[in-house]
Amino acid sequence: MNLPLNIDLQQIFLHMLNFVILAGGLYFILYNPVKKFMDQRVARYAEMDKAAADKLAAADKLAADHQAQLDKLDEELRERRAESQKIAQAAAQQQLDRAQEQADQIVAAARKSAESIRAKAVSDSHKELKELAIAAAEKLAASSSRDAIDEFLTLAEEGNGHEQHE
């Protein structure tokens, strides 16, 4: 059958049938395997993306756990520092107390020593005055002159001067 312009419908149907067979063959031979390959590739990348997201979440959780441990260690370190400072302050206070106690003992010993030295000086002064008085009395008894009395008074004044200097 020929149409005007020399168009043959049978040839058109055959060409269409060839085209459909070719398209169907290409669809089954090329399109389906390529589509399957692309779907598998998309699935594989989606699985890799999910695995990466899981690993990232695990890493974030691990980082958070490590940060919590670091915070806990920092807090423990602060507590230990505070405890060490308290111990050091207590030790320093104890040393200060011991030093104060030793200073008090030294001061008390010095006062005691000064008192004994003063008492010895007073007793020595009394002893010298007695000796001077006896010597003056002996001289007075030996001679009742005016010079002996003046000498006694001079010696007494010298002895009193020694007592005031000490």
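The values are calculated or read from the model by the stated rules, or taken from the named source; none is laboratory data. Remember, predicted model here, so these are calculated numbers, not experimental data. Note: ideal-geometry Cβ built from the backbone for every residue, glycine included; neighbour counts use all protein chains shown. For accessibility, only protein heavy atoms count, side chains too; no ligands or nucleic acids. Shrake-Rupley method; radii C 1.70, N 1.55, O 1.52, S 1.80 Å.
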**Q.** Net length gained if the chain between PHE37 and ALA108 were fully extended (0.36 nm per residue, minus Cα distance)
**A.** 15.2 nm
Q: Would you calculate the separation in nanometres between label points at ALA82 and LYS120, each defined as 7 Å from the Cα along the Cα-to-beta-carbon direction?
A: 5.8 nm
Q | ³J(HN,Hα) computed for each position of segment 20-33 - Karplus, 6.51 cos²θ - 1.76 cosθ + 1.60, integer Hz, glycine/proline x | A | 5, 4, 5, 5, x, x, 5, 4, 6, 7, 10, 5, 4, x
Q. Among all the lysines, which ones have a C-alpha under 29 Å from LYS72's C-alpha, if same-chain residues fewer than 8 places away are not counted?
A. LYS55, LYS61, LYS86
(Q) Can you show me the helix-derived [θ] at 222 nm for the chain, built from DSSP H runs with n ≥ 4 at -39,500 (n - 2.57) apiece and divided by the number of residues, rounded to the nearest 500. (A) -33500 deg cm²/dmol
Q | Assigned charges on the beta-carbon of Lys, Arg, Asp, Glu; the chain dipole about Cα centre (debye) | A | 1800 debye
Q: Pairs of Cα atoms under 8 Å, at least six residues apart: use those to get the relative contact order of the chain, whole percent.
A: 12 percent
Q. Roughly speaking, what is the centre-to-centre gap between segment 103-134 and segment 52-79 when only Cα atoms are used, to the nearest Å?
A. 78 Å
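Counting only protein heavy atoms and a 1.4 Å probe, tell me what percentage of segment 68-123's accessible area is made up of carbon and sulfur.
55 percent
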Q. GLN67 versus GLN100, label points 7 Å from Cα toward the beta carbon: distance in nm?
A. 4.9 nm
Q: Could you pull the Cα extents of segment 1-125 along its three principal axes, largest to smallest, in whole Å?
A: 170, 24, 12
Q) Hey, which lysines would be in cross-link range of LYS130, C-alpha to C-alpha under 19 Å, not counting anything within fewer than 8 residues on its own chain? A) LYS120, LYS139
